[in-house]
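Structure first, then comments.
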Amino acid sequence: MEAPLTVGTAGHIDHGKTELVRALTGVETDRLPEEKARGITIVLGFASLRLPGGRVVSLVDVPGHERLVRVMVSGASGIDLYLLVIAADDGVMPQTLEHVRVLDALGVRDGVVAITKCDLADPSAAVEQARDLRPGVEVVACSARTGEGVAELAAALDRVASRVRSRALRSTAGSGAEASPAGGAAVLHADRVFTVHGAGTVVTGTLWSGEMAPGQTLRLLPAGRDVRVRRVQVHGVEMERAQAGQRVAVNLRGVPRRAVARGDVLAGRGAPVASAYRLLVSLSLEEPLADHERVQVHHGTRSSPARALHRDGSDWELRVERPLIAAAGDHLVLRRISPPGTLGGGVVLATGRDAGRPKASAADGPEPAGERPPGEDREAVAGAVEEPAAGTAAEPVLGPGELALEERLRAAGAEPPSEAELGEQARHLPALRAAGRAVRVGRSMYAHPDALADVRARVQRLIEAEGSVTLARLRDELQTSRKYAQALLEHLDAARFTRRQPDDSRVLRRASTQRD
């Protein structure tokens, strides 16, 4: 049996990625009613693809919309090769270029370019553009509607797959984990979490390294709790063992749904990943980056705002506002927050205390509260959270319970949990609110202030671009339900950041204090 591989789509919206996946696999990856109604991909889709030579690979279909680049990055972070889709009637478009930047930032160099819709337009111009954009990469003209060229595209993917080295065979030398044919200890970054009736909580993701099997004990990060694997599936098939490079669904025994979130990590014993607020990285940038500039960092299936501090040459220190669960050698993507756009990417050199600067520099000024590294007597260990030290003596000191709740609220993002949903953790709310790290939304929901700041920034951008924002528009922007969008808009109204219009749309209240 050949080692597993995962293929990821890339390309501009409406260039036919999902239709092409359906033609190749027979699987409809757009499963949400909103996706079917709007005709666009909103969340990651997955399918199993059997190549002409008999090899079976996993396929991840990503959104092409400019507002969903963060979703695209989370899907692309675990792929081994790409399927870049360019429409014959459009040619290379803005999101084509940005997706290529993301692929380069993640170190995904191998793939195939598909020129779709060749039944609607002459593909020759798009073929030439594709060859200029990705020199040396196979380019295949095809039509998902008529089937023309689809077999040739599958054959091209087969040829590229034959020379790509699977994650299951990559060495872990120098990572701190014991090397094995399966690539060291298990690491899975969760991209979906849901409940199956009668089975319990299921976590899905691409297995970055190692193996997973029923009965195995894993560490759930950043919570830091041990969990036990009940069942393992690959594309709906029960497996005795899953390998790195496969799309895996892990059924966890006795773990409530609310205890796990997208962006969490399942790690095996000896995995070198650690949850840290500091990362030392070597960056390769497409655009200049200013020292101390605030950026958005994407790693695995998580993202966080961060302050970028230039250290030396291509080395930068990233001080993230939400801990990332990373290991030396991991790739990440850097994006500008406003106006949004991909700056480039890099490779993690060190995390936690080891990512700190070698010596203090007066030019750096004082470190922001909550971003200082732990004391010199603390060791950064795999699976331990590198918590920021208290900013001043007057700042409330939070215990493990409060910090765990804060992380849960960060992970919830624009879907703030209710007090009832928090269960026993709700007892830590008074301390967290006193520290300014939890905000009540509506009567009983609670959000992290960073999540509210992100929502507020998005609402402001939408209103400035479109004149106003409706509940439905914000729901789509946040990829959430009407319940959460309504609660968040009412919170912004109460904070005098927005003003409700007679038609229920919102505009900015310019004279407001604009505080939560």
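The values are calculated or read from the model by the stated rules, or taken from the named source; none is laboratory data. From a predicted model like this one, the values you see are computed outputs, not experimental measurements. Backbone-built Cβ (ideal geometry, glycine too); neighbour counts: all protein chains shown.
Tally up the residues in segment 438-451 that are modelled with pLDDT of 90 or more and crowded, with 19+ Cβ neighbours inside 10 Å, please. Full working, then the answer.
Start the filter on segment 438-451 by keeping residues that are modelled with pLDDT of 90 or more, which leaves 438-441, 445-448.
With crowded, with 19+ Cβ neighbours inside 10 Å added as a condition, the list becomes 438-439, 441, 445-448.
Here the count works out to 7.
Being crowded, with 20+ Cβ neighbours inside 10 Å and either in a strand (DSSP E or B) or in the same structural domain as Phe46 (by TED's automatic domain parsing) (or both) is the filter here, so list the residues in segment 218-234 that pass it.
Scanning segment 218-234 gives Leu218, Arg219, Leu220, Leu221, Val227, Val229, Val232, Val234.
Suppose we keep only residues that are polar (S, T, N, Q) and out of contact with any strand residue (DSSP E or B) (no Cβ under 9 Å at 6 or more places or on another chain) within segment 468-486. Which one would you say is nearest to Thr498 (Cα to Cα)? Please lay out each step first, then the result.
Of segment 468-486, the ones polar (S, T, N, Q) are 468, 470, 479-481, 486.
When the remaining residues are screened for being out of contact with any strand residue (DSSP E or B) (no Cβ under 9 Å at 6 or more places or on another chain), the result is 479-481, 486.
Numbers: Gln479: 20, Thr480: 20, Ser481: 20, Gln486: 13 Å.
Among those that are polar (S, T, N, Q) and out of contact with any strand residue (DSSP E or B) (no Cβ under 9 Å at 6 or more places or on another chain), it is Gln486.
From Glu424, Glu490, Glu464, which residue is part of a helix (DSSP H, G or I), under 22 Å from Gly224 (Cα atoms) and among the acidic types (Asp, Glu)?
Being part of a helix (DSSP H, G or I), under 22 Å from Gly224 (Cα atoms) and among the acidic types (Asp, Glu) holds for just one of Glu424, Glu490, Glu464, which is Glu424.
Name the residue, out of Ala485, Ala435, that is under 26 Å from Arg192 (Cα atoms), touching a residue at least 12 places away in the same chain (Cβ under 8 Å) and surrounded by 15 or more Cβ atoms within 10 Å (Cβ to Cβ).
Details: Ala435 fails: under 26 Å from Arg192 (Cα atoms).
Result of the check over Ala485, Ala435: Ala485.
Taking the stated definitions as given, is Ser284 of a type in the set (Ser, Thr, Tyr), surrounded by fewer than 22 Cβ atoms within 10 Å (Cβ to Cβ), under 21 Å from the mean Cα position of the chain (by Cα) and outside any loop (DSSP other than H, G, I, E, B)?
Values: of a type in the set (Ser, Thr, Tyr): yes; surrounded by fewer than 22 Cβ atoms within 10 Å (Cβ to Cβ): yes; under 21 Å from the mean Cα position of the chain (by Cα): yes; outside any loop (DSSP other than H, G, I, E, B): yes.
Yes: the conditions hold for Ser284.
When you go through (1) under 24 Å from Val139 (Cβ atoms); (2) surrounded by 21 or more Cβ atoms within 10 Å (Cβ to Cβ); (3) touching a residue at least 60 places away in the same chain (Cβ under 8 Å) one by one for Gly64, which number turns out not to apply?
(3)
Looking only at segment 11-57, which residues are basic (Lys, Arg), assigned to a loop (DSSP other than H, G, I, E, B) and within 22 Å of Val113 (Cβ to Cβ)?
Here is the first cut: in segment 11-57, the residues basic (Lys, Arg) are 17, 22, 31, 36, 38, 50, 55.
Narrowing further to those that are assigned to a loop (DSSP other than H, G, I, E, B): 31, 55.
Across segment 11-57, the qualifying residue is only Arg55.
Looking for something among the basic types (Lys, Arg) and either over 27 Å from Ala306 (Cβ atoms) or assigned by TED's automatic domain parsing to the domain that holds Arg70 (or both) - is there at least one such residue anywhere in segment 447-459? Show your work before the answer.
Kept after step one, since they are among the basic types (Lys, Arg), are these residues of segment 447-459: 456, 458.
Filter once more, so that each one left must be either over 27 Å from Ala306 (Cβ atoms) or assigned by TED's automatic domain parsing to the domain that holds Arg70 (or both): none.
No: zero hits.
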